[in-house]
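Below is one structure, written out as structure tokens; the observations come after it.
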Amino acid sequence: MTLTLPSAPKVGMVSLGCPKALVDSERILTKLRSDGYQLSSDYEAADVVLVNTCGFLDSAKEESLAAIGEAIAENGRVIVTGCMGNEAEVIRNKFPEVLAITGPHQYESVVGAVHVAAPMPPSAYLNLVPEGGLKLTPRHYSYLKISEGCNHRCSFCIIPSIRGDLVSRRPDAILREAEKLVAAGTRELLVISQDTSAYGVDLRHAAWPWKGGEVRAHMTDLARALGTLGAWVRLHYVYPYPHVDQVIPLMAEGLVTPYLDIPFQHAAPSVLKAMKRPANEAKVLERIRGWRDICPDIAIRSSFVVGFPGETEADFEYLLQWLEEAQLDRVGGFRFEPVTGAAANALPGVVPEEVKEERYARLMETTARISAAKLQAKVGREIDVIIDLADGEGGASGRSKADAPEIDGEVHLRDAPDAKPGDILRVLVEDADEHDLFGVPVG
């Protein structure tokens with residue numbers, strides 16, 4: 001007698017927005033997989049499609065609505081989650097056929113909606129979930145979310161109204177997850193949150209047992225513990241609080257990747273005040289110099305907004321001069337865009353679009369010149385490179401410790417026929433342009 005088991009329903013996923021949303025998607029898929037659901041990479045085969053939306057900027061909302069519309073057109077059975085889920089009425093008005101709508105990090109609600117939309121047959125065979133969970137990123141790097149929400153009230157941001165105040169995970173739970181990821185093949189851990197520096201504030205930096213000792217819910221302690229797991233540890237979304245200085249020696253020791261992602265947003269005191277951001281820019285420059293004294297190879301990336309309401313030409317020139325002094329390694333630029341519900345929308349001094357474009361172009365020109373000079377200084381040096389792609393014929397591309405995936409530059413290799421994704425190679429830098437390095441493996 002042959003036993004025929006009914007096939008498990010298949011779930012498709014469209015994940016938009018930031019790495020924090022990507023982690024949400026991975027957690028949802030991991031739970032669904034553990035419940036026996038199969039995953040589908042195309043609309044046609046899926047029994048239901050999840051769209052994890054972004055709702056931070058109006059342009060992101062438009063992208064989310066377009067993704068929902070495409071999923072409905074291609075499949076018809078759609079569940080919406082994520083940040084734009086907080087605007088359920090907008091989604092319902094445009095797409096009344098959507099099966100369910102939930103907000104950000106509402107994992108159980110999403111999974112419950114899938115169970116209703118595509119019930120699991122009673123006798124379906126349940127496959128085991130990989131120990132590290134299901135991933136939407138390559139096997140060799142993983143995003144590690146350490147907290148949700150944010151206690152800041154920046155005038156241009158609505159994240160706290162979407163995701164709430166800071167809620168930190170226990171450090172032992174984070175470390176257990178990180179261990180599983182490393183055991184499953186992760187070679188780079190990208191630590192993310194809305195405010196990594198504030199990690200553990202809500203837990204009063206209490207300590208939890210770990211490996212015969214204990215670890216505090218504090219950024220420095222967590223970074224040190226993660227650094228013992230054998231993977232690169234990259235810190236994102238770090239506000240320059242005083243205790244960040246304590247992390248720099250860990251970078252010099254090799255426990256943490258010498259890289260800081262700090263969202264400065266601007267440098268002019270009047271603009272920072274309007275943004276409701278810290279405005280002691282002179283002290284920040286002094287601290288950056290101190291960090292480089294301790295760890296000369298530290299790479300600092302940031303993002304800046306041009307055209308914020310009230311920004312004058314003098315403010316913008318101040319920002320350019322600050323960047324000349326700061327010599328940041330990686331810089332992203334954004335034109336100010338009003339976000340529905342943000343306090344900044346009511347500020348006076350709206351900057352015309354053509355002025356925003358002109359300032360954005362000057363910002364990018366300045367930062368590209370700085371980047372090109374800093375990369376040119378690496379020509380002739382040997383650096384470690386983690387491989388992301390390899391063609392099997394000698395060509396490969398990867399990233400140095402100064403480069404985060406998707407947002408920074410790359411290192412392009414020749415004569416690397418044996419390179420595989422996840423390999424960490426020693427590379428001689430032969431050339432550079434404004435954003436990327438070019439080299440060859442050594443040894």
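What is the residue count in the range 208-255 for residues that are at positive phi and in contact with a strand residue (DSSP E or B) (Cβ under 8 Å, 6 or more places away or on another chain)?
Let us first name the residues in the range 208-255 that are at positive phi, namely 211-212, 230, 237, 254.
From what is left, the residues that are in contact with a strand residue (DSSP E or B) (Cβ under 8 Å, 6 or more places away or on another chain) are 237.
Residues in the range 208-255 being at positive phi and in contact with a strand residue (DSSP E or B) (Cβ under 8 Å, 6 or more places away or on another chain): 1 in total.
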Exercise. Which one of these is charged (D, E, K, R) and under 27 Å from A432 (Cα atoms): R277, R287, R301?
Worked result: R301
Problem set entry | Extreme residue, most open to solvent (accessible area, probe 1.4 Å), among residues of the range 392-443 that are of a type in the set (V, I, T) and part of a loop (DSSP other than H, G, I, E, B) | I407
Exercise. Does the range 352-371 include one or more residues that are touching a Pro at 6+ places or on another chain (Cβ under 7 Å), buried (at least 17 other Cβ atoms within 10 Å of the Cβ) and not aromatic (F, W, Y)?
Worked result: no
For this session: Using the structure shown, decide if A344 is closer than 28 Å to I158 by Cα, without any contact (Cβ under 8 Å) to a residue 12 or more places away in the chain and open to solvent by less than 70 Å² (accessible area, probe 1.4 Å).
Result: no
Problem set entry | Matching residues, the range 205-225, being open to solvent by 60 Å² or more (accessible area, probe 1.4 Å) and either farther than 18 Å from Q246 by Cα or within 21 Å of the chain's Cα centre (by Cα) (or both) | P209, K211, G212, E214, R224
Exercise. Does the range 54-68 contain at least one residue that is in contact with a Lys or Arg (Cβ under 6 Å, 6 or more places away or on another chain) and at pLDDT below 90?
Worked result: yes
Problem set entry | Test: residue in the range 166-177 that is part of a loop (DSSP other than H, G, I, E, B), farther than 17 Å from C18 by Cβ and among the aliphatic types (A, V, I, L, M) | no
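Scanning the range 291-327 for residues that are among the aliphatic types (A, V, I, L, M) and closer than 20 Å to C157 by Cα, which turns out surrounded by the fewest Cβ atoms within 10 Å (Cβ to Cβ)? Please lay out each step first, then the result.
Here is the first cut: in the range 291-327, the ones among the aliphatic types (A, V, I, L, M) are 294, 298-300, 305-306, 314, 319-320, 323, 326.
Within this subset, residues satisfying the condition of being closer than 20 Å to C157 by Cα are 305-306.
Numbers: V305: 23, V306: 25.
By that ranking, first place goes to V305.
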Exercise. For I407, which of the numbered conditions (1) modelled with pLDDT under 95; (2) out of contact with any Asp or Glu (no Cβ under 9 Å at 6 or more places or on another chain) fails to hold?
Worked result: (2)
Exercise. Among the residues of the range 28-57, how many are open to solvent by less than 50 Å² (accessible area, probe 1.4 Å), in a helix (DSSP H, G or I) and among the charged types (D, E, K, R)?
Worked result: 1
Problem set entry | Residue satisfying all of: in the range 175-197; over 21 Å from K401 (Cα atoms) and open to solvent by less than 10 Å² (accessible area, probe 1.4 Å); farthest from the chain's Cα centre (by Cα) among these | L175
For this session: Identify all residues within the range 134-157 that are without any contact (Cβ under 8 Å) to a residue 60 or more places away in the chain and out of contact with any strand residue (DSSP E or B) (no Cβ under 9 Å at 6 or more places or on another chain); write none if there are none.
Result: C150, N151
Problem set entry | Close pairs (7 angstrom Cβ cut-off, 6 or more residues apart or separate chains): over 23 Å from K20 (Cβ atoms) in the range 70-96, charged (D, E, K, R) anywhere | I72/E97; R77/D47
Problem set entry | Top-ranked residue of the range 73-86 - restricted to ones that are surrounded by fewer than 20 Cβ atoms within 10 Å (Cβ to Cβ) and out of contact with any helix residue (DSSP H, G or I) (no Cβ under 7 Å at 6 or more places or on another chain), ranked as modelled with the lowest pLDDT | G76
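So which of G349, G310 is in contact with a helix residue (DSSP H, G or I) (Cβ under 8 Å, 6 or more places away or on another chain) and part of a loop (DSSP other than H, G, I, E, B)?
From the options G349, G310, the qualifying one is G310.
The values are calculated or read from the model by the stated rules, or taken from the named source; none is laboratory data. From a predicted model like this one, the values you see are computed outputs, not experimental measurements. Reconstructed Cβ throughout: ideal geometry from the backbone, glycine too, with neighbour counts over all protein chains shown. Note: areas computed on protein heavy atoms with side chains; ligands, DNA, RNA excluded. Shrake-Rupley method; radii C 1.70, N 1.55, O 1.52, S 1.80 Å.
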